[in-house]
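The values are calculated or read from the model by the stated rules, or taken from the named source; none is laboratory data. Predicted, not measured: the structure shown is a model, and the values here were computed from it. Every residue, glycine as well, gets a Cβ built from its backbone with ideal geometry; the counts of neighbours run over all protein chains shown. Accessible surface areas use protein heavy atoms only, side chains included; no ligands, DNA or RNA. Shrake-Rupley method; radii C 1.70, N 1.55, O 1.52, S 1.80 Å.
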Amino acid sequence: MRDITRRKFIKSGVLGGIVAAGLVTCGRMSKLRQIPTPPEVEGPFYPTEDQDDKDYDLTQIEGHKAAAAGTQIIIVGRITDLAGNGIDQATIDIWQANTWGRYHHPRDPNPQPLDPNFQGWAIISSDTDGNFRFKTVMPGAYPASETWTRPPHIHFKVSRQGYDTLITQMYFPNEKLNETDYLLSNKKASERPLMIARNIGEEEDKAVYEYNIVLIKI
Ligand SMILES: [Fe+2]
């Protein structure tokens, strides 16, 4: 073997070993310890009026012929504890702006239209293995002040007896406004990726986003 080739070989072998060891360690760590999902402020637009339909399909209000305006998307995820065990029967309370960035809330000052066919709010549960799923529309960005536009996001409140209740906001990948959002950019660099969902493909022409949530035991 020529020297240069041997050097390359040795180098890649050593590096390969390091990478493999890292993967093993990471794999073991991910089983043992998850990072808690960072909390975020509740914001001013939690629904004030109860509504009959709060099911997993926010694109369709029961009894309405038309679906919500906007791009339909699917959000899936798993709720776990710090050890990666699924948490069943967690209550997942979700609310968001419609496709035009307007909340169904009496104090939302955004002049964009309300969507009478958008449910806007859901309360669902995780299954026996901690999984959850809902269908909604991509929320619009909206002005929070003259100099600040909030990127598309979904508000979450996740609760389960025996765990700290988590209030947070889920963001979408590849959104330019994520970079200038005061809330998201105030998070540590290590926390931000935990608050941004991953696009994991498509189902029936709808983009599917994965957003996993880690709760802390009391
Ligand atoms: Fe919001």
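Can you give me the long-range amide H partners of S125? Hydrogens built in the peptide plane at 1.01 Å from N, cutoff under 5 Å, separation of 5 or more residues or another chain.
I92
Which one, P44, G84, V137, is farthest towards the positive end of the dipole of the chain when Lys and Arg carry +1 and Asp and Glu -1 on their Cβ?
Of the listed residues, the answer is G84.
Counting only GluC sites (Glu not before Pro) that are in a DSSP loop and have at most 12 other C-beta atoms within 10 Å, tell me the longest site-free stretch of the chain. Walk me through the intermediate numbers first.
Numbers: sites that count: E49, E62, E146, E204.
Counting only loop sites that pass the neighbour cut-off, the longest clear stretch is 63-145.
Before I look further, what does segment 34-214 give for accessible area per residue, probe 1.4 Å, in whole square angstrom? Intermediate values should be presented prior to the final figure.
On the way: 9070 Å² over 181 residues.
For segment 34-214, the solvent-accessible area averages 50 Å² per residue.
Compute the distance in nm between two label points, each set 7 Å from the Cα along the Cα-to-Cβ direction, one at L177 and one at D108.
Roughly 1.2 nm, to one decimal.
GNM, the chain, Cα, under 10 Å: largest mean-square fluctuation among N174, N199, N98?
Comparing N174, N199, N98 in a Gaussian network model of the chain, the most mobile one is N174.
So which of K65/K135; K187/K217; K65/K176 end up more than 24 Å apart by C-alpha?
Values: K65/K135 17 Å; K187/K217 22 Å; K65/K176 35 Å.
Over 24 Å Cα-Cα: K65/K176.
Which percent of Cα pairs goes in each bin when the distances of the chain are cut into 5 angstrom slices starting at zero?
In whole percents, the pair-distance histogram is 1, 6, 13, 16, 17, 15, 10, 6, 4, 3, 3, 2, 1, 1, 0, 0.
Within segment 35-143, which trypsin sites (Lys or Arg not before Pro) sit in a loop by DSSP and count at most 14 neighbouring Cβ atoms inside 10 Å?
On the way: sites: K54, K65, R78, R102, R107, R133, K135; in loops: K54, K65, R102, R107.
Answer in residue order: K65, R107.
Residue by residue, what Karplus-based ³J(HN,Hα) values in Hz, rounded to whole numbers, does segment 152-162 have, using 6.51, -1.76 and 1.60 with θ = phi - 60° and x for Gly and Pro?
x, 7, 10, 7, 10, 10, 10, 9, 7, 3, x
Per the 1.4 Å probe, what fraction of the accessible area of the chain, in percent, lies on carbon and sulfur atoms?
Of all accessible area on the chain, carbon and sulfur atoms account for 54 percent.
Which whole-Hz couplings ³J(HN,Hα) result when phi for each residue of segment 127-139 is put into the Karplus expression 6.51 cos²θ - 1.76 cosθ + 1.60, θ = phi - 60°, listed in order with x for Gly and Pro?
Here the 3J(HN,Hα) series is 7, 4, 9, x, 7, 9, 6, 8, 10, 8, 10, 4, x Hz.
For the chain, what's the relative contact order in percent, using C-alpha pairs closer than 8 Å and at least 6 residues apart?
Normalised by residue count, the contact order of the chain is 25 percent.
For G70, what is the net charge nearby, where nearby means another residue's Cβ is under 13 Å from its Cβ and Lys, Arg count +1, Asp, Glu -1? Before the final figure, lay out each step's value.
Working: positive: R102, K135, K206; negative: D115.
Net charge in that neighbourhood comes out at +2.
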